[in-house]
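Student: Sharing a structure with you now.
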């Protein structure tokens, strides 16, 4: 099994993503093949981690995956890599479950990964010792194998911190990263900025990599990862290429980029061809049998999206003519009549008779449970399934007769009770799905596409 470690922190906004991205880049610059993972549902952090390693980053998520699926995904995607870097979310012991069943600590124990704790040392000296002692004592099953002192204030501050850790704990200090403006990835209303919004992307990532090379004992880190024990996993079963001949258009650009790489892999394993297009710059929609528009930040590109009238018109006409389509969050907003943000309103596709409006506060966030309704376009067995949402947008002025494909059992969705607006062969909602054993949404969508195509072109 590939050597591995999990990067965690005492609390969110401790600098985990900066450290994880920098270490992934530093290890890659050493000539190692690095495979990155992110714990929990997240799209933005994996973009940074993927760019740093040069390989897709995969999400390990207790909400949508079984423990077996988590281990299988980790082992299969890490195969062939020299080292795996797993970035946690929030703090080491944080999670929804009171007893920590879905925490980062539980993930570390499940995948038998030693933990490297990143501590934001702002305003702290000797106080770091009881924090570390407490974290060790809280769960003896978690192997806290090292600590990285982050945002240190200078040599004197670093010296006091190192002395306290060495005096009161047996946790090795792997490095100290000084506070610096070039180590800040700007934050925004939906978390960290995406790489596409950061100028000179590769230069930023290379800078992070060089700072970690200069600040962290990479040899010690590699040695810790090498001590991770083997992890058993089951080989994945082969998938029938039932969707061979189907072509699915996927919007992927600076407005729409929230996709899981293993979802794309599921499309391809089923035999479907993915045709990526740019909703901002491309003049035409590619010739496709189905359409998938994921999440992202359409509000930051709404003027450019509006300006591309040609592709908006083609998408609207195609959906109105019965093209099977699926859209999530940002994709839903794009398909509405208008999108409004910060006092500005722009025309969107207009196939959904409603207006997307960005709000000051989140309108839905966290884990969701969805149950297919009588109007669901896909054939779904097994009842309710799990997804996630994080949106500041709402949809106003929907007609009373609007059809929804899903009843919301937990979460907000579009109306608090429903998600997945149905228009012809389109379903569009705020919730993000993950292709898993309990919710093989890719297969369900492709079978819907195949069914529509067969009706239009009977043998």
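Student: Determine the pairs where a residue that is modelled with pLDDT under 75, located within segment 167-186, has a partner that is part of a loop (DSSP other than H, G, I, E, B) and surrounded by 16 or more Cβ atoms within 10 Å (Cβ to Cβ) with Cβ atoms under 6 Å apart, the partner being 6 or more residues away or on another chain.
Tutor: Pairs that qualify, where the first residue is modelled with pLDDT under 75 and the partner is part of a loop (DSSP other than H, G, I, E, B) and surrounded by 16 or more Cβ atoms within 10 Å (Cβ to Cβ), are 186/193.
Student: Checking the structure you have, find out if any residue of segment 276-291 is surrounded by 23 or more Cβ atoms within 10 Å (Cβ to Cβ), in a strand (DSSP E or B), at pLDDT 95 or above and in the same structural domain as residue 420 (by TED's automatic domain parsing).
Tutor: There is at least one residue in segment 276-291 that is surrounded by 23 or more Cβ atoms within 10 Å (Cβ to Cβ), in a strand (DSSP E or B), at pLDDT 95 or above and in the same structural domain as residue 420 (by TED's automatic domain parsing).
Student: Turning to a different aspect of this structure: Among what's in segment 241-258 and is crowded, with 18+ Cβ neighbours inside 10 Å and over 25 Å from the mean Cα position of the chain (by Cα), pick the residue that is modelled with the lowest pLDDT.
Tutor: First pass over segment 241-258, keeping only residues crowded, with 18+ Cβ neighbours inside 10 Å: 243, 246, 248-258.
The next check asks that each one be over 25 Å from the mean Cα position of the chain (by Cα); those that pass are 243, 246.
Working: 243: 94, 246: 98.
My answer is 243.
Student: Taking the condition of being touching a residue at least 60 places away in the same chain (Cβ under 8 Å) and touching a helix residue (DSSP H, G or I) at 6+ places or on another chain (Cβ under 7 Å), how many residues in segment 31-64 meet it?
Tutor: 10
Student: Among strands (runs of 3 or more DSSP E) lying entirely in segment 403-458, which contain 1 or more residues that are over 22 Å from residue 350 (Cβ atoms) and either in the same structural domain as residue 69 (by TED's automatic domain parsing) or in contact (Cβ under 8 Å) with a residue 40 or more places away in the chain (or both)?
Tutor: 403-410
Student: Could you please give the count of residues in segment 32-68 that are out of contact with any strand residue (DSSP E or B) (no Cβ under 9 Å at 6 or more places or on another chain) and part of a helix (DSSP H, G or I)?
Tutor: 3
Student: Moving on. Please determine, by comparing only the residues of segment 337-348 that are within 26 Å of the chain's Cα centre (by Cα) and within 17 Å of residue 327 (Cβ to Cβ), which one is surrounded by the fewest Cβ atoms within 10 Å (Cβ to Cβ).
Tutor: 348
Student: Out of the residues in segment 14-31 meeting the condition of being in a loop (DSSP other than H, G, I, E, B) and at pLDDT 90 or above, tell me which one is farthest from residue 152 (Cα to Cα). Lay out the reasoning, then the answer.
Tutor: Just the residues of segment 14-31 that are in a loop (DSSP other than H, G, I, E, B), to begin with: 14-15, 30-31.
Subset that is at pLDDT 90 or above: 30-31.
Numbers: 30: 25, 31: 29 Å.
Step by step, filter segment 14-31, then rank; the result is 31.
Student: In the list 324, 372, which residue meets the criterion of being in the same structural domain as residue 410 (by TED's automatic domain parsing) and touching a helix residue (DSSP H, G or I) at 6+ places or on another chain (Cβ under 7 Å)? Explain how you work it out, then say what you get.
Tutor: On the way: 372 fails: touching a helix residue (DSSP H, G or I) at 6+ places or on another chain (Cβ under 7 Å).
Selected residue: 324, the only one of 324, 372 that is in the same structural domain as residue 410 (by TED's automatic domain parsing) and touching a helix residue (DSSP H, G or I) at 6+ places or on another chain (Cβ under 7 Å).
The values are calculated or read from the model by the stated rules, or taken from the named source; none is laboratory data. No experiment lies behind these values; they were computed from the predicted model shown. Counting neighbours? That spans all protein chains shown, and the Cβs are built from the backbone with ideal geometry, glycine included.
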